[in-house]
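Okay, so here's the structure we're looking at.
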Amino acid sequence: MKEQPAPLLAEALLTETDPHVAGALTWALARAQPDVTETLTTGLNAKDPDVRRRAVQALTRLPTDETTPLLAAALDDPDATVRRHAAMALGARGRSDAIPVLVTMIVEGLNDVEAAETLGRLARHPDRAAAITTLLTDRSTAPDTDGPARLRLVQAFTEMPTATAIDALHRMADDPDTTVARTATALARALEQRTSDTPRDDTEP
């Protein structure tokens, strides 16, 4: 069977409505060698949100220098699904510009576990940890953040560096929602216990 050129695969993907066929096309596209960013850029600018969703999903499978700026632009897409796909892919690539969307995903309860884990990986860099913690804290104290959202934010704090997480959880132990407050207290206690149980390396200065 003659292999289809990558641009043709991209065009077929953008117009395919069957999710199974679209998945197969995305798989094939990820293994294609010729550049397809021009076609996928067209898809990202389409009026139809379904086309933009398929385009961004394809771009997440193409971890190249050319696709990263396209994904960054997709963070401002009016469609939440497009933004989520872009943020998860960019977070996996270590991009700080994905942080606000990832935090919003936690607040909204959309792929919140995966978003929190991605933030945790980004937080391994000290500068990013500070920015993430500040944003999580701001969202947890915002007047329009309800109890279930604050509970998800409590759980997200545990993905942060331990000392930062404990401090944030202690602050959230005063939350007016008893479930949020008790969960924060329990998680802070568990982290403190884990820290105290960690053997100390006496060879360290």
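Bear in mind these aren't lab numbers, they're just calculated from the coordinates by the rules spelled out. All values derive from a computational prediction rather than experimental measurement. Positions of Cβ are generated from backbone atoms using ideal geometry, with glycine treated the same way; all protein chains shown enter the neighbour counts.
Just to check your reading of the model, which residue among Arg124, Arg152, Arg182, Arg171 is in contact with a Ser or Thr (Cβ under 8 Å, 6 or more places away or on another chain) and either free of Cβ contacts under 8 Å to residues at least 60 places away in the same chain or farther than 20 Å from Glu108 by Cβ (or both)?
Sole residue among the options that is in contact with a Ser or Thr (Cβ under 8 Å, 6 or more places away or on another chain) and either free of Cβ contacts under 8 Å to residues at least 60 places away in the same chain or farther than 20 Å from Glu108 by Cβ (or both): Arg171.
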> If you go through the stretch 32-51 one residue at a time, do you hit one that is of a type outside the set (D, E, K, R) and under 17 Å from the mean Cα position of the chain (by Cα)?
Replying inline: no
>> I'd like to verify a number: residues in the stretch 57-77 that are of a type in the set (Val, Ile, Thr) and over 14 Å from Ala98 (Cα atoms), how many?
In response: 2
